[in-house]
1. If you take the residues in the stretch 24-60 that are part of a loop (DSSP other than H, G, I, E, B) and open to solvent by 30 Å² or more (accessible area, probe 1.4 Å), which one is nearest to S143 (Cα to Cα)?
2. When only residues in the stretch 228-239 that are closer than 24 Å to L157 by Cα and surrounded by 15 or more Cβ atoms within 10 Å (Cβ to Cβ) count, which is modelled with the lowest pLDDT?
3. Of G79, G75, G6, which residue is in contact with a Pro (Cβ under 6 Å, 6 or more places away or on another chain), open to solvent by less than 10 Å² (accessible area, probe 1.4 Å) and modelled with pLDDT of 85 or more?
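The values are calculated or read from the model by the stated rules, or taken from the named source; none is laboratory data. In this text, all values refer to a predicted model and were calculated from it rather than measured experimentally. Here the Cβ is made from the backbone with ideal geometry for all residues, glycine too, and neighbour counts use every protein chain on show. All accessible areas refer to the heavy atoms of the entire protein, side chains included, with ligands and DNA or RNA removed. Shrake-Rupley method; radii C 1.70, N 1.55, O 1.52, S 1.80 Å.
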Amino acid sequence: MLLAIGFVIALAVGLTGIGGGSFTVPALILFVGLAPKTAVGTAFIFAGVLRLIVGPLYLWGKQVRGAYVWGLLKGAVPGLLIGTYLLRLLSENETNPVLVIALGILLAASSSLTFVRCLHNPEFARKNARWLPWFALPIGIESGFSSAGAGALGTVLLLNYSEMTPSEVVGTDLLFGLGLAAIGSAIHLKFGSVSSSTLLQLLSAGIPGVLLGFVLARRTPARNLKSAIALIAILAGMQLVWTGSRSLVTASAQQRTNSVVSSRTTRSDDVKKAIRRISDDLHNSTVWRAPVTESLEKTGGGRSPSPWFALGWSREGF
């Protein structure tokens, strides 16, 4: 399973620059069962290695715009630190369903921008270069939170708001994603939120997959392929939302059940304690001996003490 996942995702990264986080995180959570924090950390390093392999090939082919890479990094790196902090803040519970739902919403929403044609403006980035870091800030936040964004949102931004060709968009976005992946990987390695065994299996199939993707990139219509990948990413995000919502409902129902059982158990224990206390008092020698002695003294020892007298005394004692 991991070999197939690694190969398919790496092929998509080599072809379009998309998929390092958008596909890896949902796959690791849904099919492998990793906790969200561990899935994000593993996806960061996996995407970083893939970009490190194929990025220089695009650079050698002069398909990278350095000015755009620098402009994106200036805004995305602070956002990356913010997103990573939010991830660690929300992932104290490793299986937090709210975190899974948030990851799914981010992935689906970012990939949906590909189909909003009215927002596309190829001349925007060239005429408004000073705004590029501000557009990259939310990309960095999403990347730090979900490891996605550098590919999905970065490609959407460059493809629809710059004059670059699709191949230049892929090359530029790969170098941009490599910078974010390097920083994010170092952070997640420091905190230990990486599954080494999963990462090795992904890379064993991912390295040949990303090289094949680079070879096929020159023969495939990038725009059509990006639309298909964006659609798959939307479906993956929706699946994460469904999985997290189902876990949230199940956890809520279980919590209510545990609360009812605990309440009934507490009440049962209280009743048992009360019965035990009454039983101990009724069988306590001081409860019965005092009225018996008093009754004998009043009757002069000639008659048996009245049980009603003893019962009345015991009630007054309560």
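1. Filtering the stretch 24-60 for residues that are part of a loop (DSSP other than H, G, I, E, B) and open to solvent by 30 Å² or more (accessible area, probe 1.4 Å), the one nearest to S143 (Cα to Cα) comes out as L34.
2. The initial filter retains those residues of the stretch 228-239 that are closer than 24 Å to L157 by Cα, namely 228-238.
Narrowing the set further to residues that are surrounded by 15 or more Cβ atoms within 10 Å (Cβ to Cβ) leaves 229-230, 232-234, 236-238.
Details: I229: 67, A230: 72, I232: 72, A233: 73, I234: 81, A236: 73, G237: 77, M238: 84.
Ranking the candidates gives I229 first.
3. Working: G79 fails: in contact with a Pro (Cβ under 6 Å, 6 or more places away or on another chain); G6 fails: in contact with a Pro (Cβ under 6 Å, 6 or more places away or on another chain).
Only one candidate qualifies: G75.
A quick yes/no check of all residues on (1) in a helix (DSSP H, G or I); (2) open to solvent by 30 Å² or more (accessible area, probe 1.4 Å); (3) within 28 Å of A67 (Cα to Cα):
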site: G171; (1), (2), (3): yes, no, yes
site: G177; (1), (2), (3): yes, no, yes
site: A181; (1), (2), (3): yes, no, yes
site: A186; (1), (2), (3): yes, yes, yes
site: A205; (1), (2), (3): yes, no, no
site: P208; (1), (2), (3): yes, yes, no
